[in-house]
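Asker: To start, I am sharing the structure in question, which I have written as structure tokens.
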Amino acid sequence: MKKLIALVAAVCSAAVVQAGDWTFDSMNTAAGITDGTWTFGVSINKTKRTVSIDRVKVAPQTVTALDFSKPVRDENGDEWTISTLNCGFVDNNASPVNYVGRAGFAEFVGELTLPGEGLTTISAFALGSCKNSFGVLKLPSTLTSVGRMAFQDNKNITIYAKDFPPALKTLSSDSAFKGVNIVGDLDLTALEGTLASSVFQGCKNLTSVKF
């Protein structure tokens, strides 16, 4: 009977991992996190059950949509939260994507979906120049920090000012949202520090910013 229960439990555990979910081996995080197409480096916080996604390790030959909102599960089927996006997509005039450890402007890539609640940090260069990304991008309310050039020149993405995360405290200068279609009146009263003028350069539908 114990063996039968164990077998049923194992089958149920395996069943919760759907195609396209992000999976990783918490015992061997050097292998990275993958949805079966993209693979990223990852570091983990076992206490908070969160993962921090680092640089791209494997990119598809044919660039595909990138959905960070799908569940993240370890080898036991237990769910984790994406807390930080450090991944930079770097264009070096290579085909299709140069992703090997260079600092520089990103050049993604297809349709993009951010993680849901629990994401706190988007680092410098992480998601800039998503030239083929499109639609409305909802920033999680838990987002507290955005790095420089994080979203630069994502001209096909719309972010509504009213949906900006109220917890945002750190917004680095140097074109973090340059060229993004931010619409409406933006409230940044929770922000700490100063901003450079280039942060929102080219945001034609941004009507006002409140500090």
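Asker: Compute the signed sum of charges (Lys and Arg +1, Asp and Glu -1) over the other residues within less than 10 Å, Cβ to Cβ, of GLY202.
Answerer: Surrounding charge for GLY202 is +2.
Asker: Sticking with this one: Determine the alpha carbon to alpha carbon distance for each of LYS70/LYS155; LYS169/LYS210; LYS138/LYS210; LYS46/LYS162; LYS48/LYS70; LYS70/LYS162 and list only those over 22 Å.
Answerer: The answer is LYS70/LYS155; LYS46/LYS162; LYS70/LYS162.
Asker: Now, a different point. Based on the Cα atoms of segment 121-188, what semi-axes does the equivalent ellipsoid have, where each is the square root of 5 times one gyration tensor eigenvalue, given in whole Å with the largest first?
Answerer: Semi-axes (√(5λ), whole Å): 16, 15, 10.
Asker: Now, a different point. At a 1.4 Å probe, what is the % contribution of carbon and sulfur to the accessible area of segment 138-207?
Answerer: 45 percent
Asker: Please list, or write none, the aspartates and glutamates whose alpha carbon is within less than 17 Å of the alpha carbon of LYS204, excluding same-chain residues fewer than 8 places away.
Answerer: Candidates past the 8-residue exclusion: ASP153, ASP185, ASP187.
Asker: Amide H neighbours of GLY202 under 5 Å, counting only residues 5+ apart in sequence or on other chains, H built in-plane at 1.01 Å?
Answerer: For GLY202, whose amide H was placed from the backbone, the distant partners under 5 Å are GLY179.
Asker: Output the peptides 151-159, 198-206 sorted from most to least packed, where packing is the average of other Cβ atoms within 10 Å over each peptide's residues.
Answerer: Ranked by mean Cβ neighbours within 10 Å, highest first: 151-159, 198-206.
Asker: Now for a separate question. Per residue, how much accessible area does segment 22-88 have with a 1.4 Å probe, in Å²?
Answerer: 46 Å²
Asker: Also, quick follow-up: Assign one of three labels to segment 167-211, namely rounded, prolate or oblate, based on the Cα gyration tensor with a ≥ b ≥ c the square roots of its eigenvalues; rounded applies when a/c is under 1.5, prolate when it is not and a/b is larger than b/c, and oblate otherwise.
Answerer: oblate
The values are calculated or read from the model by the stated rules, or taken from the named source; none is laboratory data. Because the structure is predicted, anything quoted here is derived from the model rather than measured. All Cβ positions, even for glycine, are placed from backbone atoms using ideal geometry, and neighbour counts span all protein chains on display. Ligands, DNA and RNA are stripped out before the accessible areas are found, and what is left, the full protein with its side chains, is counted by its heavy atoms. Shrake-Rupley method; radii C 1.70, N 1.55, O 1.52, S 1.80 Å.
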